[in-house]
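**Student:** Have a look at the structure that comes next, please.
The values are calculated or read from the model by the stated rules, or taken from the named source; none is laboratory data. On a predicted model such as this, the values are computed, not experimentally measured, just so you know. Ideal geometry is used to build each Cβ from the backbone, glycine not excepted, and the neighbour counts take in all protein chains shown. Accessible surface is based on the protein model in full, side chains and every heavy atom, while ligands, DNA and RNA are left aside. Shrake-Rupley method; radii C 1.70, N 1.55, O 1.52, S 1.80 Å.
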Amino acid sequence: SILVSLVILRAFAAMKLAALSKVQLAEVDTLPTSIQWALPVVISVGVAVTNLIIVWSTYYLVELSTSMADTLIRSSSVWQTALVLAAFSAGMAALAAALVVWVSPISAGGGLPEMKGYLNGAEIPGLFGPKDFLVRLVGTIAVVASRVPVGREGPTICLGCMIGLGAVRLLAHPNINRIIAFDLSCSGSPSALQLNEELWARLQRIGCAAGGAAGLSVIFNAPIGGFLYMLEEVTMDAWSPELSLLTFIGTALTCAVTSLLLQLCGSSIFDFMISVHGYPAQKAWSVRDVPFILLLAAVLGAFSAAYNLILASVFSMRKRLATEGCLRRFQPWAKVVEAALVASIVALVWFVVSGLARCVDDNGALGKVVLQCPETKTNEVAYLLFKGPEEALKLLYSPDEVFDFDVSQLLVVLVAYFVVNVCMMGLAIPMGAFIPNMFIGAVAGRIVGQVLQSINPHPSAAFARPSIYALLGSGAMLGGSIRQTLAIVVFLTECVNDLNMSIPLIFTIFAAHTVSKAITEYGLDEELMVRKGVRYLNPEFTEEVELMKITAAQLCDPLPASARLSLRPSIAEVQRALQEYDLGTFPVLREGRCIGLVTRKRLEDVVKAVATPDDGNAKLDLHWIMDTAPFTLLQTMPLQRLRPLFTRLEVKAACVVSDVGDFVGLLTRDALIDAELLYRDGAADVGGSDCDSASSSHDSLEMAEPLIK
């Protein structure tokens, strides 16, 4: 029924497009109401079905390998069982790595740095193709089933983003075309079907943001948390009003549809989501806990900053070895073998650590993970390491009456998990960093909580339960590593279904975020964006840039005369400009003044549609395809005032003019990004001095001081 509805909606959109006249098409800047409401429905169903495939596939693969290990350990030796588990993990990791290496290399990692760059306005080819969707889907299932210490939240958010883009392309594309007719002196009046790029780019990013929010919300069963997470990722400058309603409805529908699908399959949503029931709703914490909560937050904030730097360094080292080092000649096989080898080592480490753990009575609170324990007992550490991250976090957040851990064993788990997790960074497999941060913080917080409880066990003066400290530890690690605030508070509160936890979470995340940012400027995603070369315009200034008096004239590109188009250039002039200059936007001038901007794609489409070997001297009227109201900036405008224009996704370029209105140069988002990278590296010149010289004829204008005195 869903597919039939989509076909009907698509046919309706095509019929409506065919019925519109050329004049009407030029005025289509919004989508029909029916399609606006269809988008969140399509996104929610797509994300819910994708999540169902991931959780069910992962669940059965994990259960298969766990039961196989429990059976083998009864009939074979311990080390034979360990080798079988290692072989299973290696096979799953090799499958994921092979798909990434030979089908979709961009699917390695979580994908959040690339997605954040895309939402910021960067063009990232190959990020959202059909093959990339399949590789992330199958690779995520294989990686999570291999039990390596990574999460599925990053790839799931990217899958949601792809589904959002697919929904926009399916439903919205036929409604945003406009037909441009050209009056050519020698070749009649042909027409070119021209895309409304501004609206199309905005709609695609709206779909990506809505789908990404749905992807996060379905993992934690937290629709409000998913909405706020994407709000913080996109930033308020680029958040359109229609995106709020679309995203909020999409996240709520996604959680509802996921619950319905799992119930139809005979399972509750809480079996597969990080959601805890029975959380202490009364007297969860008190004033005596505040110093220890703040101390935990400060320590984990500092630790998360160091953790980010270590992860980024491991990523850079692995990248250098693959491209410049000794492994270069063995690529791409080396990446597949490396992933399989690391996964097998992880399985062996988990097996050894679990073998050192105690066996506890099986009271039904834990799933059956026996390993070396007798039939009537279970292995608490093996449950944490082998049952999957969602089950492990639910156990760590669970009230103490359900289960109590041994502190020494938690310390062993913490050290082993941290070391192994660091070694995962940079492997050619899909992976996320959200859940590893939560796990490390939860184990550390649980240790602190149990130590405090052992110091003062008296009920009337007891500290908060260890499960409370586990939750706060996760919040501190996320706040220090991911560098988000409100979204973390909300979705962790939704995870435990206890609004009383919002206040301590706010203080914890604020303290961890402050300490972490005092040590390192950027969070994990931003560090990886820099090392991956993702184009990103930071909405905040660095301290170095704040101290410099930078103006538009020092950043813009003056452009040669052949790159400055007239209002009616010849086809040959346009072709020459496209061939000689790699510009995304060209200025259109009249009498030395900028009257419009036209994108490269529009020029290429028009030239391709109207050009023949004999019409090189024919004239094109660019008025019909150019932006007739471009942003213009005075050359003395400081960076602090002009930058907000470019932090909005729709603004790609602006004309820089003199005090009398003459064209000085073109300032683009790419120029701002390049300047920020140069300043970050300590460079003194950003390459904008030509604009200074181009405007030096205006003696009455006092130019800015040098960048560095």
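**Student:** If I ignore ligands, DNA and RNA and count only protein heavy atoms, how much of Arg358 is accessible to a 1.4 Å probe, in Å² to the nearest 10?
**Tutor:** Surface open to solvent at Arg358 totals about 90 Å².
**Student:** Under 1.5 on a/c is rounded, so check that first for segment 55-140, then, if it is not, pick prolate when a/b is larger than b/c and oblate when it is not; a ≥ b ≥ c are the square roots of the alpha carbon gyration tensor eigenvalues.
**Tutor:** In terms of gyration-tensor shape, prolate.
**Student:** Just the accessible area for Val660, please: 1.4 Å probe, Å², rounded to the nearest 10?
**Tutor:** 70 Å²
**Student:** Ok, one more. Taking amide H positions as placed in the peptide plane 1.01 Å from N, state which residues far from Gly109 in sequence (5 or more) or on other chains have amide H under 5 Å from it.
**Tutor:** Ile429, Met431
**Student:** Now for a separate question. With a sphere of radius 12 Å drawn around the Cβ of Gly139, what net charge do the other residues whose Cβ falls strictly inside it have (Lys, Arg +1; Asp, Glu -1)?
**Tutor:** +2
**Student:** Return the carbon/sulfur percentage of the accessible area of segment 547-654, one whole number, probe 1.4 Å, all protein chains in place.
**Tutor:** Looking at segment 547-654 in its full context, I get 51 percent from C and S.
**Student:** Determine how large the accessible area of Arg318 is when every protein chain is in place; take a 1.4 Å probe and give Å² rounded to the nearest 10.
**Tutor:** Solvent-accessible area, nearest 10 Å²: 40 Å².
**Student:** Using a 1.4 angstrom probe on the protein heavy atoms only, could you order Glu604, Glu338, Glu123 from most to least accessible area?
**Tutor:** The most accessible residue leads, giving Glu123, Glu604, Glu338.
**Student:** Would you mind giving the average projected area, over all directions, of the Cα convex hull of segment 119-173 in nm² with one decimal?
**Tutor:** Averaged projected hull area, Cα only: 4.5 nm².
**Student:** Based only on Cα atoms, what Rg/Rh ratio does segment 383-518 have, Rh being taken as Kirkwood's radius?
**Tutor:** My calculation puts Rg/Rh at 0.97.
**Student:** Continuing with this model, one more query. Grab the Cα-Cα distance for Arg641 and Val660, subtract it from 0.36 nm times how many residues apart they are, and report the gain in nm with one decimal.
**Tutor:** Full-extension gain reported as 4.9 nm.
**Student:** Probe radius 1.4 Å, ligands and nucleic acids ignored: give me the carbon and sulfur share of the accessible area of segment 423-486 as a rounded percent.
**Tutor:** Roughly 68 percent of what the probe reaches on segment 423-486 is carbon or sulfur.
**Student:** Once you've got the Cα coordinates, tell me which of Lys335/Lys517; Lys394/Lys532; Lys116/Lys532; Lys619/Lys652; Lys335/Lys532; Lys532/Lys601 are over 22 Å apart.
**Tutor:** Flagged as over cut-off: Lys335/Lys517; Lys394/Lys532; Lys619/Lys652; Lys532/Lys601.
**Student:** Working with all protein chains in place, sort Ile310, Ile219 by solvent-accessible area computed with a 1.4 Å probe, largest first.
**Tutor:** Ile310, Ile219
**Student:** Amide H to amide H under 5 Å from Gly665: which residues, 5+ apart in sequence or cross-chain, H placed 1.01 Å off N in plane?
**Tutor:** Val656
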